[in-house]
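What follows is calculated from the coordinates using simple rules that are stated; it is not laboratory data. Since the structure is predicted, the reported quantities are computational estimates derived from the model, not experimental observations. Backbone-built Cβ (ideal geometry, glycine too); neighbour counts: all protein chains shown.
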Amino acid sequence: MNKSYSEFNSLIKSLLDPNFTADYERVDTWTSMQTLIVVSAIDEHYDVVIAYEELKACSSVKELYERVVSKVV
């Protein structure tokens with residue numbers, strides 16, 4: 001994968017409305033709609049499918065990035 005954590009983090013931050021998420025870096029603060037948006041963006045940008053349960057098992061954006069990286073073929 002040629003995208004860095006910084007690029008991944010910027011993508012996630014751009015997708016989440018700060019009015020609905022107090023701390024975008026904490027996955028457990030995301031709404032169900034924000035979670036769907038993030039899953040879709042990961043599929044589009046990284047060609048990786050993350051199940052809802054996998055995403056919710058992550059506690060931070062960094063942990064989510066590491067899971068995505070581990071799935072890149």
Any chance you could give the angle, 0 to 90 degrees and rounded to 10, that helix 32-46 forms with the longest Cα principal axis of the chain? 20 degrees
Which angle from 0 to 90°, rounded to the nearest 10, does the C-alpha axis of helix 61-71 make with the longest principal axis of the chain? 30 degrees
Alpha-carbon gyration tensor eigenvalues x 5, square-rooted, for the chain, Å: 18, 13, 11
Determine the sum of side-chain charges near Val39: Lys and Arg each +1, Asp and Glu each -1, restricted to other residues whose C-beta is under 14 angstrom from that of Val39. -2
